[in-house]
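To start, the structure itself, in structure tokens.
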Amino acid sequence: MGRSRKLITRYSSYYHGWCLAFGEHQLRYEEDQTINWVEGNSQMGFVVSTDKTKPLYRELLRHRNESPTVDISATRTKINDLEYEFAKEELAGASRFIEYAQNHKQLHMYLTSHFCYPPRTRIITFSPKKPPVILYKEISPLYLILP
């Protein structure tokens, strides 16, 4: 079976540091994990450990006029030149994300936060719904390559 390529609409907040709240979800946050998957009613996202935040944000969000490519499989992901092998405890979340992305015709990506996580923690959020235009502006898309 061939791999599929999906276009994800990306958004950046108008004001640095501003973002929506992620909303209700089951807390599964473990401080010692590099990636924590966050699942809500109609959205899904992930939080990365502080040592990975800057490189990840640089690849996913800093280049507003360039379209990043995210190649994800059940065991690893590659975001432009940044490669990451999922740890054993992250594999189930990665599989759920792949299924989530495959089951939605269109997705939007933007940053959110939640009061239950450490200060300044941001959730890279994917949703079939557009974020409010009063807080976020559309930037170049992201290309997601799925198994």
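Just so you know, all these numbers are worked out from the coordinates, no wet-lab data involved. A quick note: this is a predicted structure, and the numbers were derived from the prediction, not measured. Note that we place each Cβ from the backbone using ideal geometry, even for glycine, and neighbour counts take in every protein chain shown.
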Next item on the list: Name the longest site-free stretch of the chain, where the excluded sites are chymotrypsin sites (Phe, Trp or Tyr not before Pro) in a DSSP loop with no more than 13 other beta-carbon atoms within 10 Å.
Entry: 19-114
Next item on the list: Hand me the tally of lysine pairs in the stretch 13-146: alpha carbons under 17 angstrom apart, and the pair either on different chains or 8 or more positions apart.
Entry: 5
Next item on the list: For the chain, just say rounded, prolate or oblate: build the C-alpha gyration tensor, square-root its eigenvalues into a ≥ b ≥ c, call rounded for a/c under 1.5, and beyond that prolate if a/b exceeds b/c, oblate if not.
Entry: rounded
Notebook entry, point to check: Between LEU91, GLY45, TYR14, whose Cα lies farthest towards the positive end of the dipole of the stretch 1-134 when Lys and Arg beta carbons carry +1 and Asp and Glu beta carbons carry -1, centred on the Cα centre?
Noted result: TYR14
Notebook entry, point to check: Of the chain, which part is the longest with no GluC sites (Glu not before Pro) in a loop (DSSP not H, G, I, E, B) and with at most 14 other C-beta atoms within 10 angstrom?
Noted result: 67-147
Margin query: Explain nothing, just the number: dipole magnitude of the stretch 4-146 about its Cα centre with +1 on each Lys and Arg Cβ and -1 on each Asp and Glu Cβ, in debye rounded to the nearest 20.
Written below: 600 debye
Item checked: Over the chain: helical MRE at 222 nm, DSSP H runs n ≥ 4 each giving -39500 (n - 2.57), nearest 500 -> -4000 deg cm²/dmol
Check: Near the amide H of ILE123, under 5 Å away, which other amide H atoms are found, from residues 5 or more places off or on another chain, if H is placed in the peptide plane?
Finding: THR112, SER113
